[in-house]
Amino acid sequence: MDSIDNIKRVGVIGAGTMGQGIAQIAAMAGFKTVLFDIEKAALEKAIKSIEKNLEKGIEKGKVTQEQKDTALANLSTTVDIDEVKADFIIEAIVEDLAVKQKVFAQLERINSDRTILASNTSSIPITQIGAGLENPERFVGMHFFNPAHIMKLVEVISGAATDQKVAQVTKVLAEKLGKVAVMAKDSPGFIVNRVARHFYVEGLKVLEEGVADVETIDTLMQSLGFKMGPFQLMDLIGVDTNFSVTTSMFNSFYQDAKFRPSRIQQQKVDAGHHGRKSGKGFYNYE
Ligand code: NAI
């Protein structure tokens, strides 16, 4: 698949916070899109949320009824990974190296060796995920931002083995999905998450030390012009996902203290307070 013209069918693995938005824009851009998750309930929730997003788009005059109908007609769902046969597959499941490697090995087995495999990982080096593959040259990082159907930026990350033609096709695909693609080097957290990590880590430290509460920290950061404070943002991202990203970066940078995960955040994760998606996080959404 060295040319964008050969990409007709897109697979999206994981129908959570990110997978649903990615599937939406792929279907809207005219690709036959198959969305896979191990949980049937996650797929049902994803379709509802895509329908809601498209409806909102119509209300705002940004999406036409025809675009909505085409997008929904292009979209299918499955809980059977063997049905995910596509020209370009984007993975958006838990931020865990071993789980991702297992899923990619399965995808590689059932797909042609021309299929491009991409990960939406926030922090795990692409070279590491690709190391377990038979064709790591066809594996690339394609990092969207949340909400994926709205945020314009996509980081395209080449691992040590990634074929540059594959990276180029990924960039063009991102553009076809209405995004601005930036080529990033393979390093833990890439560009945005590495710089932004301190926004969360330092916010959590200020909270842990009792310097200020959640609302005060968020309000002050917003008053400086940030769209959201760190706790509002963690609730949007998913407190569990954000915690996994920090933990992954802490380990990748040889336990560098500046990336140390917070106990307060660990507790939220243990309690199932994962943010907006679970109804409760640093704030209550119930
Ligand atoms: P999420 O927790 O909202 O959703 C993950 C989905 O994957 C769930 O529906 C779960 O059932 C499914 N899943 C878990 N294991 C699976 C498996 N083995 N096979 C298939 N499906 C499986 O996670 P989220 O937030 O969408 O994150 C997914 C990936 O995207 C992570 O790598 C994360 O770092 C990255 N990411 C997250 C962003 C965010 O703001 N939440 C932003 C950019 C990237």
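Quick note: the coordinates plus some simple rules give every number you see, no bench work behind them. The structure displayed is predicted, hence computed values, not measured ones. For neighbour counting, all protein chains shown are included, and Cβ atoms are generated from backbone atoms with ideal geometry for every residue, glycine included.
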Calculated over segment 147-286: convex hull of Cα atoms, volume per residue (Å³):
127
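Once a ≥ b ≥ c are taken as the square roots of the eigenvalues of the Cα gyration tensor of segment 180-229, is the result rounded (a/c under 1.5), prolate (a/b larger than b/c) or oblate (a/b not larger than b/c)?
Working: a/c = 5.23, a/b = 1.85, b/c = 2.83.
Taking the square roots of the gyration eigenvalues as a ≥ b ≥ c, segment 180-229 is oblate.
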Under a Cβ-only charge scheme (Lys and Arg +1, Asp and Glu -1), can you give me the dipole magnitude of the chain about the Cα centre, in debye to the nearest 20?
440
Most packed first (mean Cβ within 10 Å per residue), the peptides 114-122, 193-201 order as 114-122, 193-201
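In whole Å, what three semi-axes, largest first, describe the equivalent ellipsoid of the chain built from its Cα gyration tensor (square root of 5 times each eigenvalue)? Spell out each step's value before the answer.
On the way: eigenvalues 185, 108, 57 Å².
Value: 30, 23, 17 Å, ordered largest first.
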Where Rh is the Kirkwood radius over the Cα pairs of segment 1-52, the temperature 4 °C and the viscosity 1.567 mPa s, what D in µm²/s does Stokes-Einstein return?
115
Per DSSP, the loop-located trypsin sites (Lys or Arg not before Pro) within segment 1-62 having at most 12 other beta carbons within 10 Å are 8, 60, 62
Search the structure for amide H atoms under 5 Å from the amide H of residue 77, placed 1.01 Å from N in the peptide plane, and list their residues when 5 or more places away or on another chain.
35
I'm a student and want to see the number: the projected area of the Cα convex hull of segment 199-279, averaged over all directions, in nm².
5.3
On a 26 Å Cα-Cα criterion, which of the cross-link pairs 48/179; 60/165; 40/85; 32/179 come out too long?
60/165
Cα-Cα separations in segment 1-114 greater than 23 Å, expressed as whole percent
28
Dipole of the chain, positive direction: furthest Cα of 22, 128, 238, with charges on the beta-carbon:
22
If neighbour count is taken as other Cβ atoms inside 10 Å, put 177, 97 in order from fewest to most.
97, 177
Alpha-carbon gyration tensor eigenvalues x 5, square-rooted, for segment 27-92, Å
23, 14, 8
Point-charge dipole on Cβ atoms (K/R +1, D/E -1) for segment 6-70, about Cα centre, debye to 20:
140
For segment 90-115 and segment 191-215, compute the distance between their C-alpha centroids and round to whole Å.
32
Over the Cα atoms of segment 100-208, what Rg and Dmax result, in angstrom?
14.9, 50
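Let's test the formula: R0 of 35 Å, r as the Cβ-Cβ distance of residue 82 and residue 258. What FRET efficiency results, to the nearest 0.05? Spell out each step's value before the answer.
Working: r = 43 Å, r/R0 = 1.23.
So the FRET efficiency works out to roughly 0.20.
If I take every Cα pair under 8 Å that is 6 or more residues apart in the chain, average their sequence separation and divide by the length, what percent do I get for the relative contact order? Present the calculation step by step, with values, prior to reporting the outcome.
On the way: 507 pairs, mean separation 41.6, N = 286.
Dividing the mean separation by the residue count of the chain yields 15 percent.
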So what's the back-of-envelope 222 nm ellipticity for the chain, counting only DSSP H runs of four-plus at -39500 (n - 2.57) apiece and dividing by all residues, rounded to 500?
-14000 deg cm²/dmol
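What does the charge dipole of segment 169-253 about its Cα centre add up to, to the nearest 20 debye, if the Cβ of each Lys and Arg holds +1 and the Cβ of each Asp and Glu holds -1?
Numbers: 8 positive and 10 negative charges, 135 e Å.
The dipole of segment 169-253 has a size of about 640 debye.
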Relative contact order, percent, segment 144-281 [alpha-carbon distance under 8 Å, six or more residues apart]:
19
